[in-house]
1. Express as a percent, rounded to the nearest 5, the fraction of DSSP beta bridges in the chain (both residues included) that run antiparallel.
2. If I compute mean projected area of the Cα convex hull in nm² from the structure I just sent, which labelled value in (1) 12.4; (2) 11.8; (3) 15.0 lines up?
3. Which of 201, 106, 169 moves the most in a Gaussian network model of the chain with Cα springs under 10 Å?
4. Go ahead and set up a Gaussian network model of the chain, Cα springs under 10 Å, then flag whichever of 125, 217, 93 fluctuates most.
5. Got the relative contact order for the chain handy, in percent, Cα pairs under 8 Å and 6 or more residues apart?
6. For every other residue with a beta carbon closer than 13 angstrom to the beta carbon of residue 74, add +1 if it is Lys or Arg and -1 if Asp or Glu, then tell me the sum.
7. Could you check which residue among 206, 133, 155 shows the biggest mean-square fluctuation in a GNM of the chain with a 10 Å Cα cutoff?
8. Any chance you could run the full-extension gain for residue 66 through residue 141? It's 0.36 nm times the residue separation minus the Cα-Cα distance, nm to one decimal.
Amino acid sequence: MSQRQQVVEAVADRIASLRAAGVIFVAIDGVDGAGKSIFGDELAGALRARGRPVIRASVDSFHNTRAIRYRRGHQSPDGFFLDSFDYPGLRQALFDPLRTAAPYRTKIHDLVSDEMLAEPPQCAAPDSILVFDGIFLHRPELREYWECSIFLSVDLTVSVARCAERDRTSPDVEAAENRRYVEAQRRYLRECAPSRHATITIDNNDLAAPRIVIDRATGESVEGSVRP
């Protein structure tokens, strides 16, 4: 078993051992390019292998429309941090219904077409686990929802390089085209300190060899290993 598989399996064991009256909410947080979607998919697979029903969703399906996202300007870091996502819509469509065993939706907006979606509601099995990935998931208005939260810690130089390879953008952290995103992420790390609030923090700078550096469920930590 690879080191990556070992980490995924260890996190799956932690989550599968949790007990709750209803759906268990799990966050996979990290800056752009941290590897959230891939880790979330792998974790969901490991949980399903343990016999647990999994609801897989992402904050990317809860963007605000372009008019709202760019109302402070296309280059505004504040706009990216404050206006990217429809948090009331997220709570109304997904989080609150799952808390009350009501029908839920995992998508309300299509980023490419900028259209609002009318996805048919679904019903969750009572022992389901929501694996939800995205940026900014340790904002104060979201922290209360997580039974377990995972922060994938990567250096901004690494995350920007990954985004550059994926999106064909500049790999330079200080490039003008990256300012909107990099400065917003710096603000998030500074103001919300995700590694201080996450249940588990994973150093994901090396995708092949991630390391659990903080696990508040067990009290284990490696001092100085991660930034906020």
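Only the coordinates and a few stated rules stand behind these numbers; no lab work does. Predicted model, so just to flag it, every value in this text is computed and none were measured. Positions of Cβ are generated from backbone atoms using ideal geometry, with glycine treated the same way; all protein chains shown enter the neighbour counts.
1. Details: 10 of 29 bridges.
The answer is about 35 percent antiparallel.
2. (1)
3. 169
4. Maximum fluctuation in the GNM of the chain, among the listed residues, is at 217.
5. Details: 409 pairs, mean separation 62.0, N = 228.
Result for the chain is 27 percent.
6. On the way: positive: 66, 69, 71, 72, 179, 180; negative: 78, 83, 177.
Cβ neighbours under 13 Å give a net charge of +3.
7. Most flexible of the set in this elastic network: 206.
8. On the way: separation 75, 0.36 × 75 = 27.00 nm, distance 2.22 nm.
Stretched out fully, the residue 66 to residue 141 stretch lengthens by 24.8 nm.
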